[in-house]
Amino acid sequence: MSARENILQRLRAAPQGTQPLAPDVPGFYAATGNGSADRAARIERFCEKMTFWHGEVVRVTRGNWPQKLHELVAAKGVRSLLYGERHAAELLASGMSGLRPYDRPIDGWKKELFEKIDASLTSTRGAIAETGTLIVWPDADEPRLMSLVPPIHFALLDADQIYDDLFQAMTAQGWSASMPTNALLVSGPSKTADIQVTLAYGAHGPKELIVLLLVNEEELK
Amino acid sequence: MNAQHLQFVPASEFRQRAAAAVADEHLRRSFRGAMDFLIGKRAAQFPDASALERQRALAEHIRKYSLARLPELLEQLERKLTENGVQVHWAESPEQANAIIIDIARRHGTKLMVKGKSMVSEEIELNHAMADAGMEALESDMGEYIVQLDGEKPSHIIMPAIHKTKEEIARLFAAKVPGASYTDSVDELIGIGRAVLREKFRTAEIGLSGVNFAVAETGTLCLVENEGNGRMCTTVPDVHVAITGIEKVVEKLEHVPPLFGLLTRSATGQAITTYFNMISGPRKPGEKDGPREVHLVLVDNGRTQAYADEQLRSTLQCIRCGACMNHCPVYTRIGGHAYGTTYPGPIGEIISPHMLGLAATHVLPTASSLCGACGEVCPVRIPIPDLLIRLRAEAQHDARPGHAPLLGQGAAKSRLADAVWSGWAALYTRPALYRAFGWLATRFRALTPPMQSGWTVSRTPLKPASRTLHDEMAARNKR
Amino acid sequence: MEGCGNRKYPEKPASVYFFGTCLIDLFCPEAGLDAVRLLEREGIEVHFPPDQTCCGQPAHSSGFPAQTRAVALAQLRLFPEPWPVIVPSGSCAGMMRHHYPKIFADDPRLLVEATALAERVYELSEFLSQVVRIRLIDHGEPTRVALHTSCAARREMGTHVHARTLLDQLPGVEVAVHAHESECCGFGGTFSLKHPPISSAMAGDKVDAIKETGAQTFVSADCGCLFNLNHTLRKREDRLQGQHLATFLWQRTGSEGGRQ
């Protein structure tokens, strides 16, 4: 018999005892969750938590974000910015230099990505206020490595898409019916405390995470 | 302590290592400091005790529910993963698991495998097997990288290099990393590791990772990490091999948030880790990166033995947060290496006997004062002290009627211990005899031996009082 | 955790049983007597079944279930009246309250008896503070006292809360909190014999932490811990010695005058 059959057979031979009922996870979150927060409170909470993780949050509008990004890129001395087709028009119109589209499979230019790209811009699918977390679903246009390899990651987040907690986000967006090949939660830049429990940023992934938070004019502050 | 091929923990060796660890002031201080830090961070995450109890109750329920349906869920997981394009393999033993992985690696002409943190890969001694097969397996978690560079094994499942100071790491890097000069700045040390490992991620043919949760309904492998090395290993090389114990499966995606939230808070006192990486398949046509092949190796290695017993099954509820070791007064004193097993501390004491057998591990369940700290902090409420007592009993007795023997059942049987405890029971079940014994012991207390085995190593001998409480109470009743 | 709101406490009874525990019986009967005195001073009649021996915990924690069961069974029927059973040791009380029902789970008749007994087992400080609602009058000199909370007592019986409640009634007593107060002292029954270096290190750290508070004494509601710590201190030729909580309370509130 195969290992598979042996394992399953041993598991099936075990005494079953009383079968627990299915856990009521929605009920748990309905009773204890953070569901009452309004938009302003969610935005506030997200910003506070993301800042706690050493992420930067910059409030922008639909109209001015390319220009804001241009300023940030210049201030940080970024010479090359990786982007996807989705934002090509706005970025090219902004007059930024060093723009680099992720327009072909990685296999041909891995070394360049690892060594030559300073920053990237990706979209996000939303965020989680409770923990200051971005929901990033890479796809063909904005592949997985964009949010991982470049030392600086700029992420565009629509304030309408901030959820209270992970459970609310995954149920509201119906994740279980449509998981992509890779889905990510990102809470700040890469870090480690493996040396003498001392926190250091930029362990393997980005050293900086800058969230461009799309808000209404009156929320700009 | 160098890695051994076969993990075997003779009682004498455990005692020697524990005694050496206890005598090592430096080790004692560093573990105490680190554990205090983690205990404090965890406590800050759970300010409301009753809210924590509700979360623990739910997490325990989810784990028990998942285990109750384990065979069905494993089949569902396999089906969904296969639909998603992931290749699923099953291994009963470390040898089978290693053979599967080496076969995959060979097919892809592997010279270098980069590894994200995976305790199961430590459990099966994959690095040795890879080396024997002529391939390099490089640890990429900073802590694991450091201990591997020094030829050691992790001393903690979450913080592998917690036994090392930054100065030791600085000397290690200066000696072993080409081109690195001595620095004891943590940022610069991490920078050195980053530079070395980025090159490795880029050139490795194959990446290996563990799995924190495997979701059956979607066929999703979830990985929890802060550093990003796990993402590197699962994204950059052309082939990703994930390896996990069969117990890690949950039915639904919605079962993940309660477990994930407790895992990170219990482990390091973080509300969430930097990355939560959900992998449901290899690179699809049109996608520009990600591995072209994804494999999952499901490992038994003794888990079905624990599963076969309703009490011992709760061992498999574990989500590997390490809180039990952080809070264990024994682990804090002796550190992770003294145990000699992949999983140290209380969880190691209850899981290792299933993986390695009681003959090799029967001393481990005795290395606990049964203080209960582990059970108190366990986010999935594994009754660790009860399981320690159970394993102590199984190690010293034949299997009970109707129970299959555990691997190494009865390995610590001792006629002397049987005689002592039977004599003890004979005395303590016969009240008149017991009172006579008390009378004699108190009247002849001058004869109490001055050396009382382990007790008098650091203590003065115990001596009976001049009268027993029985005598005193009888005298009072006469008055 | 128990004893912190989960347990429903009855009215103060006229009679109780006293289960002295094997360690107190042989090694420190004075603690048992002081506990009895405290109870009697509250007008409670204390019954000491002479056939009692040991709760069975030593064999239980050593992995000898048959012997545990035999000894536990010998205690099971010593308490026929529906009175509370008072145990001046947190770990023994925890054994009878939490583990007896599990030990007899395979025998429906004994399970009923074990459960009924378990329900009326109280650790002494729990009983004094929650059921008797004792009011203590302090006659002692001002002093600084550390409390060793005893892990089994703490986790199974909530004893640390009850002991502190009692000590807080004494205006002359300042309770000094030592570092890692909740941590085990390293006794653990046969653990102290099987792993002397680890156990000694734990005992040594506990003693150091208590010494560091500058406390003049320390108290515990568990004799095993007290032996461990006191004999460690004696080996070091240190004059600091701990007392059983019952003895400490009796001495400070001494004689009939201590009763309000």
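The values are calculated or read from the model by the stated rules, or taken from the named source; none is laboratory data. Since the model is a prediction, treat every value here as computed from it, not as a measurement. Here the Cβ is made from the backbone with ideal geometry for all residues, glycine too, and neighbour counts use every protein chain on show.
Table: residues versus (1) within 15 Å of C:CYS55 (Cα to Cα); (2) surrounded by fewer than 23 Cβ atoms within 10 Å (Cβ to Cβ).
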residue	(1), (2)
C:ALA74	yes, yes
C:LYS102	yes, yes
C:SER125	no, no
C:THR143	no, yes
C:VAL161	no, yes
C:ARG164	no, yes
Query raised in the report: Can you name the residue in region A:129-152 that is within 10 Å of the chain's Cα centre (by Cα) and not in a loop (DSSP other than H, G, I, E, B) and, of all such residues, is nearest to the other protein chains (Cβ to nearest Cβ)?
Result: A:THR133
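Answer yes or no: is there a residue in region B:309-326 that is more than 15 Å from the chain's Cα centre (by Cα) and within 7 Å of chain A (Cβ to nearest Cβ). Talk me through it step by step, then tell me what you get.
Residues of region B:309-326 more than 15 Å from the chain's Cα centre (by Cα): B:309-313.
When the remaining residues are screened for being within 7 Å of chain A (Cβ to nearest Cβ), the result is B:310.
The answer is yes; a qualifying residue exists.
Filter the strands (runs of 3 or more DSSP E) completely within region B:134-252 down to those with at least 2 residues that are over 30 Å from B:SER314 (Cα atoms).
Values: elements: B:136-139, B:206-209, B:213-215, B:220-225, B:239-245.
Once the strands (runs of 3 or more DSSP E) in region B:134-252 are filtered for at least 2 residues that are over 30 Å from B:SER314 (Cα atoms), what remains is B:136-139, B:206-209, B:239-245.
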Report task. Those residues that are surrounded by 12 or more Cβ atoms within 10 Å (Cβ to Cβ), within 23 Å of C:PRO196 (Cα to Cα) and at the interface with chain C (Cβ under 10 Å from one of its Cβ atoms), I need them from region B:432-479; list them, please. Result -> B:GLN452, B:GLY454, B:TRP455, B:THR456, B:VAL457, B:SER458, B:ARG459, B:THR460, B:PRO461, B:LEU462, B:LYS463, B:PRO464
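With the structure loaded, tell me whether A:PHE28 is under 22 Å from the mean Cα position of the chain (by Cα), modelled with pLDDT of 95 or more and surrounded by 13 or more Cβ atoms within 10 Å (Cβ to Cβ) or whether it fails that test. Step through it out loud before you land on a result.
On the way: under 22 Å from the mean Cα position of the chain (by Cα): no; modelled with pLDDT of 95 or more: yes; surrounded by 13 or more Cβ atoms within 10 Å (Cβ to Cβ): yes.
Answer is no for this residue.
Output yes when any residue across region B:399-411 is in contact with a Pro (Cβ under 8 Å, 6 or more places away or on another chain), within 11 Å of chain C (Cβ to nearest Cβ) and either within 13 Å of B:HIS354 (Cα to Cα) or not small (Gly, Ala, Ser) (or both), and no when none is. Please lay out each step first, then the result.
Let us first name the residues in region B:399-411 that are in contact with a Pro (Cβ under 8 Å, 6 or more places away or on another chain), namely B:399, B:406-408.
Those left that are additionally within 11 Å of chain C (Cβ to nearest Cβ): none.
Checked region B:399-411: no residue is in contact with a Pro (Cβ under 8 Å, 6 or more places away or on another chain), within 11 Å of chain C (Cβ to nearest Cβ) and either within 13 Å of B:HIS354 (Cα to Cα) or not small (Gly, Ala, Ser) (or both).
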**Report entry** Exclusive hit being away from chain B (no Cβ under 11 Å) and touching a helix residue (DSSP H, G or I) at 6+ places or on another chain (Cβ under 8 Å), set C:ALA215, C:ALA246
**Finding:** C:ALA246
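Here is a check on your reading of the model: is B:ASN301 in contact with a helix residue (DSSP H, G or I) (Cβ under 9 Å, 6 or more places away or on another chain), surrounded by fewer than 24 Cβ atoms within 10 Å (Cβ to Cβ) and more than 8 Å from chain A (Cβ to nearest Cβ)? Talk me through it step by step, then tell me what you get.
Numbers: in contact with a helix residue (DSSP H, G or I) (Cβ under 9 Å, 6 or more places away or on another chain): yes; surrounded by fewer than 24 Cβ atoms within 10 Å (Cβ to Cβ): yes; more than 8 Å from chain A (Cβ to nearest Cβ): yes.
It is true that B:ASN301 is in contact with a helix residue (DSSP H, G or I) (Cβ under 9 Å, 6 or more places away or on another chain), surrounded by fewer than 24 Cβ atoms within 10 Å (Cβ to Cβ) and more than 8 Å from chain A (Cβ to nearest Cβ).
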Query raised in the report: Do the conditions hold for B:GLU78, that is, is it in a helix (DSSP H, G or I), farther than 20 Å from B:ARG313 by Cβ and either of a type in the set (A, V, I, L, M) or facing chain A (nearest Cβ under 9 Å) (or both)?
Result: yes
Query raised in the report: Pairs under 6 Å by beta carbon, first residue farther than 22 Å from B:ALA216 by Cβ in region B:280-300, partner of a type in the set (Lys, Arg) and surrounded by fewer than 23 Cβ atoms within 10 Å (Cβ to Cβ), six or more apart or different chains?
Result: B:ARG283/B:ARG292
Query raised in the report: Only one residue in B:PRO449, B:PRO379, B:PRO405 is in contact with a Lys or Arg (Cβ under 8 Å, 6 or more places away or on another chain) and not basic (Lys, Arg), so which one is that?
Result: B:PRO379
Query - region B:44-70 residues that are in the same structural domain as B:PRO257 (by TED's automatic domain parsing), paired with ones that are exposed (fewer than 13 other Cβ atoms within 10 Å of the Cβ) and of a type in the set (S, T, N, Q) (beta carbon under 6 Å, 6 or more apart) - result: B:ALA68/A:GLN19
Query raised in the report: Taking the condition out of contact with any strand residue (DSSP E or B) (no Cβ under 8 Å at 6 or more places or on another chain), more than 10 Å from chain A (Cβ to nearest Cβ), among the aliphatic types (A, V, I, L, M) and in a helix (DSSP H, G or I), does B:VAL9 pass?
Result: no
Report task. Please determine, by comparing only the residues of region B:364-382 that are part of a loop (DSSP other than H, G, I, E, B) and at the interface with another protein chain (Cβ under 10 Å from one of its Cβ atoms), which one is nearest to C:HIS60 (Cα to Cα). Result -> B:LEU370
Report task. Kindly establish whether B:ALA49 is more than 30 Å from B:GLY290 (Cα to Cα), within 11 Å of chain A (Cβ to nearest Cβ) and either touching a helix residue (DSSP H, G or I) at 6+ places or on another chain (Cβ under 8 Å) or not basic (Lys, Arg) (or both). Result -> no
Query raised in the report: Assuming A:ASP160 fulfils every condition listed in (1) crowded, with 24+ Cβ neighbours inside 10 Å; (2) assigned to a helix (DSSP H, G or I); (3) more than 9 Å from chain B (Cβ to nearest Cβ); (4) not hydroxyl-bearing (Ser, Thr, Tyr) apart from one, which condition is it?
Result: (1)
Report task. State all residues of region B:412-431 that are surrounded by fewer than 17 Cβ atoms within 10 Å (Cβ to Cβ) and not in a helix (DSSP H, G or I); if no residue qualifies, say none. Result -> B:LYS413, B:SER414, B:ARG430
Report task. Can you give me the number of residues within region B:248-277 that are aliphatic (A, V, I, L, M), facing another protein chain (nearest Cβ under 8 Å) and touching a residue at least 60 places away in the same chain (Cβ under 8 Å)? Result -> 1
Requested in this report: Search region A:2-27 for residues that are at the interface with chain B (Cβ under 7 Å from one of its Cβ atoms) and without any contact (Cβ under 8 Å) to a residue 40 or more places away in the chain and pair each with any residue that is surrounded by 10 or more Cβ atoms within 10 Å (Cβ to Cβ) and among the β-branched types (Val, Ile, Thr) when their beta-carbon atoms are under 8 Å apart and the residues are at least 6 apart or on different chains.
Outcome: A:ILE7/B:ILE246; A:ILE7/B:THR304; A:ARG10/B:THR304; A:LEU11/B:ILE246; A:LEU11/B:THR304; A:ALA14/B:THR304; A:PRO23/B:ILE62
Requested in this report: Run down B:ALA404, B:ALA395, B:ALA367 and say which single residue is touching a residue at least 60 places away in the same chain (Cβ under 8 Å) and within 21 Å of the chain's Cα centre (by Cα).
Outcome: B:ALA367
Query raised in the report: If B:ALA34 satisfies every condition in (1) of a type in the set (A, V, I, L, M, F, W, C); (2) buried (at least 18 other Cβ atoms within 10 Å of the Cβ); (3) more than 10 Å from every other protein chain (Cβ to nearest Cβ) but one, which is the exception?
Result: (3)
Query raised in the report: Is it true that B:GLU205 is in contact with a helix residue (DSSP H, G or I) (Cβ under 8 Å, 6 or more places away or on another chain), more than 10 Å from chain A (Cβ to nearest Cβ), surrounded by fewer than 24 Cβ atoms within 10 Å (Cβ to Cβ) and of a type in the set (D, E, K, R)?
Result: yes
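What strands (runs of 3 or more DSSP E) completely inside region C:65-156 contain at least 1 residues that are over 17 Å from the mean Cα position of the chain (by Cα), more than 26 Å from B:ILE384 (Cα to Cα) and not β-branched (Val, Ile, Thr)? Give the derivation first.
Details: elements: C:85-87, C:121-123, C:143-148.
Once the strands (runs of 3 or more DSSP E) in region C:65-156 are filtered for at least 1 residues that are over 17 Å from the mean Cα position of the chain (by Cα), more than 26 Å from B:ILE384 (Cα to Cα) and not β-branched (Val, Ile, Thr), what remains is C:143-148.
Select, from C:SER220, C:SER199, C:SER192, the only residue that is touching a helix residue (DSSP H, G or I) at 6+ places or on another chain (Cβ under 6 Å) and more than 8 Å from chain B (Cβ to nearest Cβ). Walk me through it before giving the result.
Details: C:SER199 fails: more than 8 Å from chain B (Cβ to nearest Cβ); C:SER192 fails: more than 8 Å from chain B (Cβ to nearest Cβ).
Only one candidate passes the filter, namely C:SER220.
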Query raised in the report: If you check A:PRO180 against the conditions, is it closer than 28 Å to A:VAL73 by Cα and either away from chain B (no Cβ under 12 Å) or at pLDDT 95 or above (or both)?
Result: no
